[in-house]
Amino acid sequence: MSTRALLLAGGLGTRLRPLTNTVPKCLVPVGGRPMLDYWVDALDAAGIDQALINTHHLPDPVRAHLDTVNRTGNVTLTEAFEPELLGSAGTVRANRDWAEGADQIVVIYADNLSDIDLGKLVNFHESHDDPMTMALFHTPYPEKCGIAALDTDTRVTEFVEKPEHPKSDLANAGIYVLDADAWREIADMRAFDFGFDVIPAFVGRMRGYTHTGYHRDIGTHESLAQAEMDVKGLFS
């Protein structure tokens, strides 16, 4: 089956200022490498060679980096510049045609550092009949995350953003696999955000894939410092 990807990388990175005043969030170095490169490697390992990446804040250095990736690697990155941020679901809406010629699209929030095997995630998605798969991870802070409840068939039966009384510790990892028709459905929803707008519409027809390895949001200086300590053992 033909698989493409969307890398969501246009965020401002406000919690990482002043670093992100001059460095786009997706190019913040972790272990001496831009964070984006870990996702390019993960796509390459999964055999996914076409990815769309949205840009907004400091787009020129991102463009220069995309040019290097496209000249030297196996993954071709296509820019989708947003003069105003559209939101994660808005990016899908603005790029509805990205699903043409693809069977499925992997959507990735590129401000996470993860050792998830995207090939296994895609294989899991292909093993069931629901139009969407959401990657999950066990979090020690479920009240701070989007939390999913699963039935015995791994189907998502409930999803709540930052619940006051969490029913599980399975948190949204910000990685999804969508059938091409689901991509087009989301585009036609005219929604803004995956967590608040899209996922509730797919509860009951979406599976959860639990990733038991490393997964960290690199959104704060404290989290970035922890990732620096963790990364050598993960990707060495």
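Values in this text are rule-based calculations from the coordinates and carry no lab data. For clarity, every value in this text was computed on a predicted model and none was experimentally measured. Glycine gets a Cβ as well: all are built from the backbone with ideal geometry, and neighbour counts include every protein chain shown.
Overview of results
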{"read-out": "Gain in span if fully extended, ASP67 to HIS165, counting 0.36 nm per residue against the direct Cα distance", "value": "30.7 nm"}
{"read-out": "Compactness of the stretch 181-227, expressed as Rg and Dmax over alpha-carbon positions, Å", "value": "15.1, 40"}
{"read-out": "Percent of Cα pairs exceeding the 26 Å cut-off, where the set is the chain", "value": "34 percent"}
{"read-out": "Debye log10 I(q)/I(0) for the stretch 91-143, one point scatterer per Cα, at q = 0.23 Å⁻¹", "value": "-1.13"}
{"read-out": "Sites excluded, trypsin sites (Lys or Arg not before Pro) in DSSP loops with at most 16 other C-beta within 10 Å, longest stretch of the chain", "value": "1-166"}
{"read-out": "DSSP-assigned coil residues among GluC sites (Glu not before Pro) in the stretch 58-158, each with at most 16 further Cβ atoms within 10 Å", "value": "GLU84, GLU100"}
{"read-out": "Binned Cα-Cα distance frequencies in the stretch 98-236 - 10 Å width, integer %", "value": "12, 41, 34, 12, 0"}
{"read-out": "Extension reserve of the LEU234-THR157 stretch, reckoned as 0.36 nm per residue once the Cα distance is removed", "value": "24.5 nm"}
{"read-out": "Integer Hz, Karplus 6.51/-1.76/1.60 couplings in order for the stretch 33-43, x for Gly and Pro", "value": "10, x, 4, 4, 5, 5, 6, 4, 4, 5, 5"}
{"read-out": "Residue order, fewest to most beta carbons within 10 Å, for TYR141, TYR209, TYR214", "value": "TYR141, TYR214, TYR209"}
{"read-out": "Integer Hz, Karplus 6.51/-1.76/1.60 couplings in order for the stretch 19-27, x for Gly and Pro", "value": "3, 7, 5, 10, 10, x, 4, 5, 9"}
{"read-out": "Sorted by Cβ density within 10 Å, fewest first, the residues THR154, THR220", "value": "THR220, THR154"}
{"read-out": "Note, ³J(HN,Hα) from phi for the stretch 137-142, Karplus 6.51, -1.76, 1.60, rounded to Hz, x at Gly and Pro", "value": "9, 7, 10, x, 10, x"}
{"read-out": "Length added when fully stretched, ARG17-ASP49, from 0.36 nm per residue minus Cα-Cα", "value": "8.3 nm"}
{"read-out": "Cross-link partners of LYS120 among lysines (Cα-Cα below 26 Å; sequence separation of 8 or more within a chain)", "value": "LYS232"}
{"read-out": "Semi-axis lengths (Å, descending) of the ellipsoid that matches the C-alpha gyration tensor of the stretch 36-135", "value": "22, 17, 13"}
{"read-out": "Local electrostatic count, SER223, Cβ distance below 13 Å [Lys/Arg +1, Asp/Glu -1]", "value": "-1"}
